[in-house]
């Protein structure tokens with residue numbers, strides 16, 4: 001089925017984009033940690049703006065698609081107050097918190113030069129999000145494929161298209 005028609009395939013495709021951004025983030029963090037030049041480190045940290053912009057806009061939109069379109073419908077089958085959707089919602093909040101902490105550490109670096117705190121915050125964010133995507137891909141999306149009817153998938157896709 002076309003990713004423009006199937007919400008699960010569309011979300012999986014977005015996950016691939018997120019994985020690419022996380023790979024770039026991990027690369028930047030390693031370079032920042034291994035750099036012996038303060039100037040190079042500053043340049044690398046300045047380049048994190050593109051990644052933080054992606055997190056603020058694209059990742060947040062992805063979360064909203066899941067929270068506002070997929071989870072309410074799938075929740076009719078597997079529940080929302082407990083179980084996998086509940087865990088995903090908690091992890092979305094944790095991801096938002098770690099993202100905020102990471103951006104704070106980037107700002108703090110400008111004044112205190114503590115790149116290790118920035119690296120730690122970035123690694124925590126990246127690890128949580130990588131594990132979160134794996135859970136959605138291997139558990140939640142399989143449940144959705146099993147339970148959701150074609151009409152429900154169509155309704156979810158229509159709702160997802162309205163979320164910006």
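The sole residue among 74, 59, 70, 44 that is within 20 Å of residue 122 (Cα to Cα), surrounded by 14 or more Cβ atoms within 10 Å (Cβ to Cβ) and touching a helix residue (DSSP H, G or I) at 6+ places or on another chain (Cβ under 6 Å) is 44. Against the criterion of being in a helix (DSSP H, G or I), touching a residue at least 12 places away in the same chain (Cβ under 8 Å), out of contact with any strand residue (DSSP E or B) (no Cβ under 9 Å at 6 or more places or on another chain) and under 16 Å from residue 120 (Cβ atoms), residue 11 does not qualify.
For the stretch 151-164, filtered to residues that are in contact (Cβ under 8 Å) with a residue 40 or more places away in the chain and closer than 27 Å to residue 100 by Cα, the residue that is surrounded by the most Cβ atoms within 10 Å (Cβ to Cβ) is 160. Within the set 130, 107, the sole residue that is under 18 Å from residue 52 (Cα atoms), assigned to a helix (DSSP H, G or I) and modelled with pLDDT of 95 or more turns out to be 130.
In the stretch 89-96, is there at least one residue being at pLDDT 95 or above, more than 20 Å from residue 121 (Cβ to Cβ) and touching a helix residue (DSSP H, G or I) at 6+ places or on another chain (Cβ under 8 Å)? Give the derivation first.
So in the stretch 89-96, the residues at pLDDT 95 or above come out as 89-96.
From what is left, the residues that are more than 20 Å from residue 121 (Cβ to Cβ) are 89.
Still in the list and also touching a helix residue (DSSP H, G or I) at 6+ places or on another chain (Cβ under 8 Å): 89.
Looking through the stretch 89-96, at least one residue is at pLDDT 95 or above, more than 20 Å from residue 121 (Cβ to Cβ) and touching a helix residue (DSSP H, G or I) at 6+ places or on another chain (Cβ under 8 Å).
Counting the residues of the stretch 77-86 that are out of contact with any helix residue (DSSP H, G or I) (no Cβ under 7 Å at 6 or more places or on another chain) and assigned to a helix (DSSP H, G or I) gives 1.
When you go through 148, 127 one by one, which is the residue that is more than 30 Å from residue 34 (Cα to Cα) and either under 20 Å from the mean Cα position of the chain (by Cα) or crowded, with 19+ Cβ neighbours inside 10 Å (or both)? The unique qualifying residue is 148.
Please return the ranges of helices (runs of 4 or more DSSP H) entirely within the stretch 34-74 where 2 or more residues are without any contact (Cβ under 8 Å) to a residue 60 or more places away in the chain and under 20 Å from the mean Cα position of the chain (by Cα).
By residue number, 49-54, 60-65.
The values are calculated or read from the model by the stated rules, or taken from the named source; none is laboratory data. Please read all numbers here as calculations on a predicted model, not as lab measurements. A quick note on method: Cβ atoms are made from the backbone with ideal geometry, for glycine too, and the neighbour counts reach across all protein chains shown.
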